[in-house]
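Accompanying notes for the structure given below.
Every read-out reported here was derived from the displayed coordinates using simple, explicitly stated rules and does not represent laboratory data. Values in this document were obtained by computation on a predicted structure and should not be read as measured data. Glycine also receives a Cβ, built like all others from the backbone with ideal geometry; neighbour counts cover every protein chain displayed.
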Number of protein chains: 2
Amino acid sequence: MAVVTPLDPKRRKAGTDALEALVELVATDLAAVNDLIIRRMHSDVEMIPQLAGYIVASGGKRLRPVLTLAAARLCGYQGERHQPLAACVEFIHTATLLHDDVVDESDLRRGQPSANAVFGNKASVLVGDFLFSRAFQVMTEDGSLDVLRILSSASAVISEGEVLQLITANDTTTSEEAYLEVIRAKTAELFAAACRIGAVVAGRPAAEEEALRSYGLNLGIAFQVVDDVLDYSAVQARLGKSIGDDFREGKITLPVVLAFRRGDDEERAFWRRTLEDIDQRDGDLEHALALMQRHNTLRDSVERARHYGAMARDALGLFPASPIKRALLDVIDFVVDRDF
Amino acid sequence: MAVVTPLDPKRRKAGTDALEALVELVATDLAAVNDLIIRRMHSDVEMIPQLAGYIVASGGKRLRPVLTLAAARLCGYQGERHQPLAACVEFIHTATLLHDDVVDESDLRRGQPSANAVFGNKASVLVGDFLFSRAFQVMTEDGSLDVLRILSSASAVISEGEVLQLITANDTTTSEEAYLEVIRAKTAELFAAACRIGAVVAGRPAAEEEALRSYGLNLGIAFQVVDDVLDYSAVQARLGKSIGDDFREGKITLPVVLAFRRGDDEERAFWRRTLEDIDQRDGDLEHALALMQRHNTLRDSVERARHYGAMARDALGLFPASPIKRALLDVIDFVVDRDF
């Protein structure tokens, strides 16, 4: 596996600090959410908390539940309903991770053996179903039909995005629009829902709900674009992340979409052989990276992410200045400029 | 594959007629449910309605949604809310079938190639997720938190049952109690929920809700026990059903639980070799059937099912006589005495 220098190493520290600052502001809430997650994923069938706990504890950043907590606080919410709802968001996210890893036949997640590699595909499918059901149980206990509507609709869209990704996989002619459609559905909708329900529990007007939805949606698009860039450029040592997974699976992500369009006939033949036919040889990943370098597609993908980040920033414009708003704005930089 | 004479061929006709009579009584509602199913499984991602439609249309008896419709009518309900909720019940059932077939690595369902065999495991996992999410969207539109509570809780229990089944698979020492715990969770809870929500939409008192839950639960247990018997005794020609699938997978169902307990050391060694080690040779299925014949475990399993059927029958005792009650009682006979 090739190791590539991150695009701009000096940005790392600021970005990480931004996420830490946000987490710090909701630390008490997040501790309660972590307790709820442990408590509510319990089942007398021991393998369920074992497997669920394995993935829940495996180094995720809790970005989505943190967004729910922060959005609620941004809206001046003083209660505790956002805590179980943030746990629901994490349950839905975890369920999709479990099913994703089965669908992608992944052996690694966040540098550790994936749950399906340890517990098997069958258990991963079923425990994903359990977490998904449990999320709806917890939402029902909360009792807000608005929240149920937002999260059930987000879940349906996520599955649609995943199926769409399956269908467009290995198609090198995928357009940037088609790529965006997939990541909006599979990733950004849950970010949008996570933020939006913060305004819902706070009982804020539709404009604020919509503003937080827009912040989450654009942040989620930026997040996924950068994730796809990092699959070709992450510092391997950080969090054990390896590079080239998407390449080996023939996933058509933005750096590839741009490289295919900017390439000549010979280059397109290379992309077709490696990503459509999955006929890959020693040195192919390095050659792919060289082509991306030649056409600046990693740098330009990050620039595209920055555009969605800018939209996320403006979406928060109607909220007055506050430490939590500052932290939510800084998290955009974390998402765009992170190198892991 | 061996073909075995059904336990009592003359019973077939009465049983089938009983289901047909029940379906006849809710025919208008069921037509509306079928429309709703088609309408609500729509997605712009074409593979979703294609795959979902493939399994939804593949000859299922629509037993669970019919139970919701009939239970509501038994409670004197005159509205239409039970129609979308019956569709939800079928969506949840279909989602579990899709995931089941992936988990069981099945190639056939109801005598046709299973959805995963046609569309692939990945699509089956994701479309199952879609149907599940869509079910919760439709329930949320209905707006009853009681229904949401009942069906989200049933869904969580179903996943728990499936995981439990996975863990106890291939364990020949499984007790009858452990077997019952699995089928109660994976099958009977959804029957119970399907019936119970009929009373909920009708706004009936807790005693009637509980009576319908009990009817559904016991009917569901009887249904699954007989399903497991039929895997060793179905008439192969009917609905293309083949026998011996559970044997080949090493599933420990009631006919095996009883045969293992009633067998001698040599017989237990046979069950361990074939079902624990999955070391199966020509003639093993026929030998298994002979052992079941020797110990009467198919006949006695049906007797066990009849016991749960009797409990289902008594559960309906507090409802006054009506054609729909008559049909619900007759369906118990269909479930116990069917040969397909």
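A few remarks follow.
- Within 10 Å of each Cβ in A:113-126, the average number of Cβ atoms from other chains: 4
- Pairs exceeding 29 Å between alpha-carbon atoms, taken from A:251/A:325; A:61/A:122; B:61/B:251; A:186/B:61; A:61/B:122: A:251/A:325; A:186/B:61.
- Shape index of segment B:199-340: Rg/Rh, with Rg the Cα radius of gyration and Rh the Kirkwood radius from the inverse mean 1/r over Cα pairs, equals 1.10.
- Estimated translational diffusion coefficient (Stokes-Einstein, Kirkwood radius over Cα pairs, 4 °C, 1.567 mPa s) of segment A:82-166: 96 µm² per second.
- Computed over segment A:117-219, Kirkwood Rh from alpha-carbon pairs, angstrom: 15.2
- By the count of neighbouring beta-carbon atoms within 10 Å, fewest first, A:264, B:101, B:146 end up ordered A:264, B:146, B:101.
- Residue B:287/residue B:112 FRET efficiency (R0 41 Å; Cβ-Cβ; nearest 0.05): 0.90
- Cα lying deepest toward the dipole's positive end in segment B:87-178, options B:153, B:126, B:89, charges on Cβ: B:126
- Peptides B:204-214, A:214-224 ordered by average Cβ neighbours within 10 Å, highest first: A:214-224, B:204-214
- Since only A:223, B:180, A:34 are under comparison, the one whose Cα sits farthest along the positive direction of the charge dipole of the protein assembly as shown, derived from C-beta charges on Lys, Arg, Asp and Glu, is A:34.
- Scanning residues 5 or more positions from residue A:26 or on other chains, none has an amide H under 5 Å from its amide H, with H placed 1.01 Å from N in the peptide plane.
- Global geometry of segment A:254-326, whether rounded, prolate or oblate, following the gyration tensor of its Cα atoms and the 1.5 cut on a/c: prolate
- Under a 5 Å amide H cut-off, with hydrogens placed 1.01 Å from N, residue B:45 pairs with nothing among residues at least 5 apart or on other chains.
- Sum of -39500 (n - 2.57) over DSSP H runs of 4+, divided by residues of chain A (222 nm, nearest 500): -23000 deg cm²/dmol
- Estimated inter-spin distance, residue A:321 and residue B:167, nm [label 7 Å along Cα→Cβ]: 5.6
- Sorting the segments A:188-194, B:147-153, B:256-262 by their mean number of nearby beta carbons within 10 angstrom, highest to lowest, gives A:188-194, B:147-153, B:256-262.
- Stokes-Einstein diffusion for the protein assembly as shown at 4 °C, viscosity 1.567 mPa s, with a Kirkwood radius from C-alpha pairs, works out to 49 µm²/s.
- Most to least packed among B:279-288, B:119-128, A:296-305, A:64-73 [average Cβ atoms within 10 Å]: A:64-73, B:119-128, A:296-305, B:279-288
- The phi-based Karplus calculation (6.51 cos²θ - 1.76 cosθ + 1.60; θ = phi - 60°) puts the 3J(HN,Hα) values of segment A:310-316 at 5, 5, 4, 4, 5, 4, 7 Hz, whole numbers, x for Gly and Pro.
- Using alpha-carbon coordinates, inclination of helix B:47-56 to the longest axis of chain B, degrees: 70
- Neighbour counts of C-beta atoms inside 10 Å place A:93, B:99 in the sequence A:93, B:99, starting with the fewest.
- Scattering profile of segment A:198-281 at q = 0.14 Å⁻¹ [log10 I(q)/I(0), Debye over alpha-carbon scatterers]: -0.65
- Remark: mean inter-chain Cβ contacts per residue of B:320-329 equal 0, using a 10 Å Cβ-Cβ cutoff to other protein chain atoms.
- The charge dipole of segment A:16-327, taken about its Cα centre with unit charges on the Cβ atoms of Lys, Arg (+1), Asp and Glu (-1) only, comes to about 960 debye.
- When only the Cβ of Lys, Arg, Asp and Glu is charged (+1, +1, -1, -1), the dipole of the protein assembly as shown relative to its Cα centre reaches about 1380 debye.
- Taken along its three principal axes, the alpha carbon spread of segment B:11-329 comes to 60, 47, 33 Å, from the longest extent down to the shortest.
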